[in-house]
Amino acid sequence: MIPPRLPKSALRAAMVMAGAGMLALPHLLGPYWTNLLNDMGIYAILGLSLNIILGHCGLFHMGHAAFYAVGAYTAAILSTRFSVPILWSMPLSGCLAGLFALAVARPIIHLRGDYLLVVTIGIVEIVRIALVNNIFGLTGGSNGLLITEPISIFGYEIFRPAHFYYLIWSMAALTILLFYMLQNSRFGRALNYIKQDDLAAEGSGINTAHYKLAAFVLGAVWAGLIGAVFAAKIETVSPQSFSFSESVLYFAIVILGGAGSIPGVLLGAFLITGLPEIFREWQHYRLFLFGAAMVIMMIFRPQGLIPPGRRHYNVWPYLGSFPRGVASRNREPR
Amino acid sequence: MLELIQQLTNGLAVGGIYALIALGYTMVYGVLKLINFAHGELFTLGSYLGMSLLVSFALAGRLSPPLAVLVIIVLIIGLSALSGFLLERVAYRPLRQSNRLAAVVSALGASIFLQNAIMLIYGPNYQVYPSQIRLTIAVSLWGLNIPMMRILLFAASVMLMIALYLFINKTKTGTSIRAVATDQGAAKLMGIDVNRVISLVFMIGPGLGGAAGMLLGLYYGQIRYDMGTLYGLKAFTAAIIGGIGNIPGAMLGGILLGVAEAIGAAYISPAWKDAFAFLVLIIILIFRPTGLLGERAADKI
């Protein structure tokens, strides 16, 4: 929660100004920087979707690119084969990615920490190899698919970076809002409990396998949705975009930013896409410096840049059945 | 039938390399419960350093080629051990007390760093091992043509593994490594210097990995800066198949994986070769979640 230090009106004014600034940005920046902001938005949404699995539920999942790939390829195949407008296929992309996650995660959901990590890496590699090998004759092999259909929503054609900017960032805003609500819901609390101690969670009557699977599917659906947007933006989907190293990037966004913290993940996405731009002058040294930065950041801030705040719940209303004296004696003055 | 045996020998040779790399993963995991993602890059580093040394020494004609190769392998084991030691000091020791995920990300960062360092030094293209050094003779046995290189490679990896096995099981230092892997706290109380053991493990593992890198270069003749990612992932898979933390398990897992891959590539489809390793991994973990020779440790209850 936002600490109640600032007066509400000042906060509201600041939010309105930030919102207006966001709306005006693509007009102030050129297409190059707008495009960078678009990438940032996509990574932010991917990071947030992985955050459900890795940050909130504490499952070591390093194969998120697989679900992203299912979404992007669904949209691309529907567009090239059946000329379905790419953004209309978004819901289907999300659903298929979710179904895929359900199918692959079901048998492995009981695996512990590092075993799960390696199996998810295996899944992302298998998916990439399947795409390269033109599985079912649909994916176009290592060259991928080229989307030629024009992209439009409600008759309004989308092709400039600025158009994508509004599309991606409104989706990001919606994601932030929904995931923020989710984090404090019954579902979000259950995930947090599983992350802290899944044995205790199981003991308190939480069906952990069920919740873990639900977290996987939810994260995958979101990755699938943004996969369709990515396909629309990039116009060619090819296996290189969904490799293991790509998955590592999403993982790094969540952990560097702060696992389980929405502002943290946003900052992580901002840095991971922004840092290589800063190093652009030393082009060849870019990844070299990036790797070193990852090590240094972890040494100095192992909990992430913005770790999630401690959760506070007011439980007094639920303790009505306790004897009055006990309840009031233990109540701390606030 | 002949074809099958031919594939088996190939699988054994590559499996030996996987096993050598897998030992590094499994030993580090045994003492620190950490996946050393940079291990694959140390393997690549060993391969490249071996190439440089071969080019500068063996070709100059000061030593006869077989002797030169032997000396250089010993040198590579030393150099890789040194880089493993430095890696642990810089990237892992400061994170010993923090949560596991931070260490995983640090390991990934170190991997990206090393891979790009190798690329900056040697360039992004394939590099070729000097062909004068590589044996091209084949041995004919009952109608089979087995390249000499393959036999030597398998023999070398088996010898290294036996040496390690004896070291771990018969020496005092080996016993202290096993003690730290079983229970760090108790080992400390028994007067074992845990930090020294961890440093040692980070020297033995990369030493074997670097030797594997050089053997691979001699076997295939060409190497690339990013090969460590795939070999590392597969070797880690091998370690898990055998049961992570288990030294004979890693040897078994590596050889099984090499054979399964060679046979899968020959009889099912070469294009799917790299997927078999992961498929085998998933199947084994579904049915035996702690690997074939896995630790049967109960979860905290």
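A crude spin-label estimate for the pair B:Met190 and A:Trp33, with each label 7 Å from Cα along the Cβ direction, gives 6.3 nm. Solvent-accessible area of chain A (1.4 angstrom probe, protein heavy atoms only): carbon and sulfur portion equals 65 percent. Per-residue ellipticity at 222 nm from helix content only, as computed over chain B with -39500 (n - 2.57) for each DSSP H run of at least four residues, stands at -24000 deg cm²/dmol. Couplings for the range B:266-272, taken from phi via the Karplus curve 6.51 cos²θ - 1.76 cosθ + 1.60 with θ = phi - 60°, read 6, 9, 9, 6, x, 5, 9 Hz in order; Gly and Pro are left as x.
Cross-link check: pairs A:Lys8/A:Lys195; B:Lys188/B:Lys234; B:Lys33/B:Lys170 evaluated at a Cα-Cα cut-off of 31 Å; pairs beyond the cut-off: A:Lys8/A:Lys195; B:Lys188/B:Lys234. Any chance you could give the angle, 0 to 90 degrees and rounded to 10, that helix A:186-196 forms with the longest Cα principal axis of chain A? With rounding to tens, the tilt is 90 degrees. If you line up the long axis of helix A:90-105 against the longest principal axis of chain A, both from Cα atoms, how many degrees apart are they, to the nearest 10? For A:90-105 against chain A, the angle is about 70 degrees. Taking a probe of 1.4 Å and counting only protein heavy atoms, give the total accessible area buried between chains A and B in Å², rounded to the nearest 100. Approximately 3800 Å² gets buried when A meets B. Let me know the shape class of the range B:2-287, please: from the alpha-carbon gyration tensor, a ≥ b ≥ c as square roots of the eigenvalues, rounded when a/c is under 1.5, otherwise prolate if a/b is greater than b/c, or oblate. Since a/c reaches 1.5 and a/b is larger than b/c, the shape of the range B:2-287 is classed as prolate. When only the Cβ of Lys, Arg, Asp and Glu is charged (+1, +1, -1, -1), the dipole of the range B:2-287 relative to its Cα centre reaches about 580 debye. Probing with 1.4 Å while keeping every protein chain in the model, the per residue accessible area of the range B:2-287 equals 41 Å². If R0 is 60 Å, the Cβ-Cβ spacing of A:Leu319 and B:Tyr126 corresponds to a FRET efficiency of close to 0.30.
Phi angles of the range A:61-73 translate, via the Karplus equation with coefficients 6.51, -1.76, 1.60 and θ = phi - 60°, into HN-Hα couplings of 10, 10, x, 5, 4, 5, 6, 4, 4, 4, x, 5, 5 Hz per residue; Gly and Pro are given as x. Straight-line reach only, C-alpha to C-alpha below 18 angstrom: list the aspartates and glutamates that A:Lys233 could link to, leaving out same-chain residues fewer than 8 apart. Counting by Cα, and skipping residues close in sequence, A:Lys233 has these aspartates and glutamates nearby: A:Asp39, A:Glu149, A:Glu157, A:Glu246.
Highest GNM mean-square fluctuation among B:Leu42, B:Leu218, B:Leu120, for chain B modelled with Cα contacts below 10 Å: B:Leu120. Between B:Asn36, B:Asn246, B:Asn99, the GNM of chain B built on Cα springs shorter than 10 angstrom shows B:Asn99 fluctuating the most.
Given axes a ≥ b ≥ c from the Cα gyration tensor, I'd like to know whether the range B:93-142 is rounded (a/c under 1.5), prolate (a/b larger than b/c) or oblate. Can you show the working numbers first?
Details: a/c = 4.93, a/b = 2.14, b/c = 2.30.
Verdict is oblate for the range B:93-142.
Angle of helix B:227-242 to the longest C-alpha principal axis of chain B, folded into 0 to 90 degrees and rounded to 10: 60°. Rolling a 1.4 Å probe over the heavy atoms of the protein chains gives the range A:1-91 an accessible area of 47 Å² per residue.
B:Gln222's amide H: which non-local residues (gap 5+, or another chain) put their own amide H closer than 5 Å, with H modeled 1.01 Å from N in plane and none for Pro or chain starts? The list, which skips near neighbours in sequence, is B:Tyr129. Largest mean-square fluctuation among A:Ser247, A:Ser93, A:Ser204, in a Gaussian network model of chain A whose springs join Cα atoms under 10 Å apart, belongs to A:Ser204.
The values are calculated or read from the model by the stated rules, or taken from the named source; none is laboratory data. The shown structure was predicted, so the numbers you read here are calculated from the model rather than taken from an experiment. Reconstructed Cβ throughout: ideal geometry from the backbone, glycine too, with neighbour counts over all protein chains shown. The area values use the complete protein model at the heavy-atom level, side chains included, leaving out ligands, DNA and RNA. Shrake-Rupley method; radii C 1.70, N 1.55, O 1.52, S 1.80 Å.
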